[in-house]
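Read the structure below first, then the notes.
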Amino acid sequence: MSRVRVQSAAGVALSFLVALGGWALTNAMLDWQEAFLLSSAGSVRVESAPQAETGLAGGADGAGLAADVMARVVAAWNAPGAAARPHEPTEGQLNMEQAIAAAKDGLSRFAVDGIIPQWLMGDEPARTGAYLWEKEPTDRVIRQDSQSKIAAKLPPEYSYWTVTFDNNRVNVQLMLNAVTGEIWRADLFAYEAGTALTELEASDAVKAFAAYLGLGREGPVWVADTWASQQFEAGAVDIVVTKGDRQLTLRVSEPGLHENAGWILVKPGR
Amino acid sequence: MRLFAKVFLCTTLVSTLALSLSGYLLIASSYSDALKRETERALDEYQYTKFSVQSALITGVDNLEHTLALTQHAQAALFTGDGAPVFSALPPGFPPGIPALASPDEVRYHIEHIDRSRYAVVYGQLHQAGKEMTLVVASDISAISQQRAAMIRSFARVYLLTLAASMLLTSVLAALLVQPIKGLTRASEWMADGHYQARLPAAGGDEIGELSVSFNAMAHAVQSKIDQLSTSARQREDFIASLTHELKTPLTSVIGYADMMYQKDMSREDVRRAARCIVDEGLRLEALSVKLMDLVVLNHDDFVLEEMLADELLHDMAETLEPMCRQRGAELRACADAAYIRVDYDLFKTLLANLIDNSIKAGSTLIQVSGKRRGGHYHVSVADNGGGIPPADIERVTEAFYVVDKSRSRQAHGAGLGLALASRIAAIHGAALEFASEEGRGTCVEMRLPCDEEDARE
């Protein structure tokens with residue numbers, strides 16, 4: 001066999017070796033990268049607001065937000081595709097104790113106004129849970145809010161506390177604005193059939209809920225068998241109340257979104 | 001190394017490099033992103049679990065483990081400030097103890113590898129209801145390792161298939177690439193063996209196509225040169241043979257007559273006839289030597305051409321040559337257009353004299369010398385009504401010592417050098433002799449001399 005033929009055969013054999021070597025090298029590099037990533041550790045510094053023993057946190061004086069801000073915040077909460085993440089309370093937001101206190105206070109107001117039955121306040125909840133959430137800022141929200149354009153993070157009033165009270169009779173889920181502590185949504189569910197969760201008509205419950213929030217300048221009302229909706233603050237926001245068997249929902253909504261625009265309480269899932 | 005092997009190796013090298021790099025970047029980036037995402041999810045789970053524990057502490061719930069079970073985040077552990085476990089629902093095999101924290105506000109995380117599972121472990125301090133605790137939450141992130149392994153397996157298939165396809169394709173392409181080069185090699189070898197007609201098919205406009213065209217042009221040039229050299233060698237052989245013959249024939253006569261005169265007693269009349277033959281053959285030898293000398297001289301190119309009036313030149317020459325024609329029984333006529341041509345007078349006269357002499361030797365009785373101006377050329381022709389030239393001989397009449405009618409030429413003391421001389425003189429004037437002949441009816445020899453139209457005389 002001539003020298004050229006031997007060299008050619010060696011060249012072809014080398015090609016196969018190169019192919020195998022490339023695969024081995026890729027695997028080695030991937031293993032090295034995995035080992036590097038898995039061995040790395042990190043830390044996050046949590047900047048939480050100072051703990052307050054009683055009352056509302058600094059800046060949260062209980063005063064409601066302006067109607068247009070309220071509308072923007074509600075729109076941000078309802079923005080499709082925006083994930084919610086739990087986070088520590090920051091400056092200007094209620095801490096957990098304040099949020100639970102504000103939730104109980106709000107429910108007491110509801111009971112006084114007849115929105116919910118008085119007996120509900122007598123039951124001590126077996127389980128209580130409170131979680132503070134922030135929404136990922138979507139493009140629509142950033143376009144609407146000039147402050148979040150600069151900060152790339154939504155202002156504190158865009159966060160919300162979800163407070164859950166549960167006993168053997170009723171499950172109550174509340175959504176509170178993280179700054180004002182106002183209940184902007186309440187979902188009540190009775191475990192027993194035939195349990196009346198409100199004595200008011202839906203339209204009356206709307207007005208009572210609006211009064212709790214301090215909303216005025218009433219607009220048109222839509223009333224159906226199971227729900228009622230009314231615009232407030234010259235059409236800036238809607239208040240929607242849905243009554244069902246064993247179920248009652250009160251919520252602040254964007255204008256024009258009635259029965260079908262439901263909110264979803266989001267928990268981190270797998 | 002063969003070109004095929006080189007192309008194969010280079011392509012494999014490049015393909016391997018590109019595939020390995022792209023595969024690594026794709027998988028590494030995907031894994032890194034997934035790990036980052038899972039770490040963020042683990043941090044969210046930690047925060048959610050922390051809220052659950054805090055809620056329980058605020059509302060005075062003692063069964064924290066039950067509370068955490070309700071939140072469906074059971075892979076967590078809670079330790080008191082002094083490190084005593086309140087409860088632990090971490091996976092078996094987890095390292096005992098609490099990792100150190102730099103500050104109460106710090107939340108730390110790392111990846112823990114237990115058995116065949118991987119966990120993102122997040123831990124931080126918790127302050128509620130006057131209690132200080134440490135919460136550890138472990139999130140199972142084994143799924144991303146499994147996804148990574150699946151990606152590597154998929155990539156392995158893609159890698160092998162792509163490389164195999166690449167190698168196959170490279171083999172075909174390399175074979176196609178090498179094929180015309182092999183053809184070139186074969187043609188070169190064939191040519192080296194003396195087959196100068198070897199040619200390559202000129203396919204495609206690429207470099208190999210250009211090489212084929214170039215090779216064919218070279219082969220054509222070599223073949224032409226070889227043909228030319230063969231013709232030249234043949235002509236030289238013919239020349240030497242003819243010269244030998246032309247020298248031998250008169251010398252034989254001279255020697256024969258001289259010997260006869262030496263050995264025999266001859267009458268006065270016989271002696272005179274023999275002497276006459278010796279003189280004739282001597283004159284022929286002299287003429288032969290003069291023409292050969294002229295041919296040798298004409299091989300030099302240092303002639304100076306002068307601008308002359310063609311009509312005057314041709315009429316003058318015709319007048320000079322006319323007595324010779326009349327003496328040999330031929331009539332010479334001349335007519336010429338006015339024009340300036342560049343000639344060497346003596347050479348040009350020799351050319352015309354040779355052509356006219358040839359016509360007379362061919363038995364012509366009428367010879368017409370013409371000069372016509374057509375376009376940028378001046379056409380000089382000598383036409384006769386002699387025996388003509390057979391078509392087969394026309395190509396060779398300008399070769400030295402080539403004679404069409406040997407017996408007639410011999411009688412006229414011809415050696416076949418006249419037209420060779422005329423052809424050489426025409427070449428010196430930048431022209432070539434063109435023969436048009438019809439056997440038994442005559443011959444016309446024409447040449448085209450360069451002539452500027454502006455220079456034409458009115």
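For (1) modelled with pLDDT under 90; (2) under 51 Å from the mean Cα position of the chain (by Cα); (3) in a helix (DSSP H, G or I); (4) of a type in the set (Val, Ile, Thr), each residue gets a yes or a no:
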site: B:324; (1), (2), (3), (4): yes, no, yes, no
site: B:329; (1), (2), (3), (4): yes, no, no, no
site: B:332; (1), (2), (3), (4): yes, no, no, no
site: B:358; (1), (2), (3), (4): yes, yes, yes, no
site: B:367; (1), (2), (3), (4): no, no, no, yes
site: B:371; (1), (2), (3), (4): no, yes, no, no
site: B:379; (1), (2), (3), (4): no, yes, no, no
Search the range B:394-421 for residues that are crowded, with 16+ Cβ neighbours inside 10 Å and pair each with any residue that is at pLDDT below 65 and among the hydroxyl-bearing types (Ser, Thr, Tyr) when their beta-carbon atoms are under 9 Å apart and the residues are at least 6 apart or on different chains. B:403/B:409; B:415/B:409; B:416/B:409
All positions within the range B:89-111 that are surrounded by fewer than 18 Cβ atoms within 10 Å (Cβ to Cβ) and either of a type in the set (Asp, Glu) or in contact (Cβ under 8 Å) with a residue 40 or more places away in the chain (or both): B:91, B:94, B:105, B:106
Return the only residue of B:159, B:119 being within 12 Å of another protein chain (Cβ to nearest Cβ), of a type outside the set (S, T, N, Q) and touching a Leu at 6+ places or on another chain (Cβ under 6 Å). B:159
Which count do you get for residues in the range A:73-96 that are of a type outside the set (D, E, K, R), within 14 Å of another protein chain (Cβ to nearest Cβ) and either in a helix (DSSP H, G or I) or without any contact (Cβ under 8 Å) to a residue 60 or more places away in the chain (or both)? 2
Among the listed residues B:232, B:214, B:242, B:253, which satisfies the condition of being modelled with pLDDT of 85 or more and among the small types (Gly, Ala, Ser)? B:214
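Residues are listed down the side, and each one gets a yes or a no for (1) modelled with pLDDT of 90 or more; (2) within 30 Å of residue B:108 (Cβ to Cβ); (3) within 7 Å of chain A (Cβ to nearest Cβ); (4) surrounded by fewer than 21 Cβ atoms within 10 Å (Cβ to Cβ):
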site: B:2; (1), (2), (3), (4): no, no, yes, yes
site: B:6; (1), (2), (3), (4): no, no, yes, yes
site: B:23; (1), (2), (3), (4): yes, no, yes, no
site: B:32; (1), (2), (3), (4): yes, yes, yes, yes
site: B:62; (1), (2), (3), (4): no, yes, no, yes
If I ask for residues that are at pLDDT 95 or above and among the aliphatic types (A, V, I, L, M), which ones from the range A:138-162 would you list? none
Answer yes if at least one residue in the range B:170-182 is surrounded by 12 or more Cβ atoms within 10 Å (Cβ to Cβ), touching a helix residue (DSSP H, G or I) at 6+ places or on another chain (Cβ under 6 Å), more than 30 Å from residue A:22 (Cα to Cα) and not polar (S, T, N, Q), and no otherwise. yes
Given the conditions (1) modelled with pLDDT under 85; (2) more than 8 Å from chain B (Cβ to nearest Cβ); (3) surrounded by fewer than 17 Cβ atoms within 10 Å (Cβ to Cβ), report the number of the one that residue A:60 does not fulfil. (3)
Could you please let me know if residue B:171 is polar (S, T, N, Q), within 14 Å of chain A (Cβ to nearest Cβ), touching a strand residue (DSSP E or B) at 6+ places or on another chain (Cβ under 9 Å) and in a helix (DSSP H, G or I)? no
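Each row is one residue, and each column tells you yes or no for (1) touching a helix residue (DSSP H, G or I) at 6+ places or on another chain (Cβ under 6 Å); (2) part of a helix (DSSP H, G or I).
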{"residue": "B:194", "(1), (2)": "no, no"}
{"residue": "B:220", "(1), (2)": "no, yes"}
{"residue": "B:225", "(1), (2)": "no, yes"}
{"residue": "B:228", "(1), (2)": "no, yes"}
{"residue": "B:235", "(1), (2)": "no, yes"}
{"residue": "B:251", "(1), (2)": "no, yes"}
{"residue": "B:258", "(1), (2)": "no, yes"}
{"residue": "B:277", "(1), (2)": "yes, yes"}
{"residue": "B:293", "(1), (2)": "no, yes"}
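The values are calculated or read from the model by the stated rules, or taken from the named source; none is laboratory data. The structure displayed is predicted, hence computed values, not measured ones. All Cβ positions, even for glycine, are placed from backbone atoms using ideal geometry, and neighbour counts span all protein chains on display.
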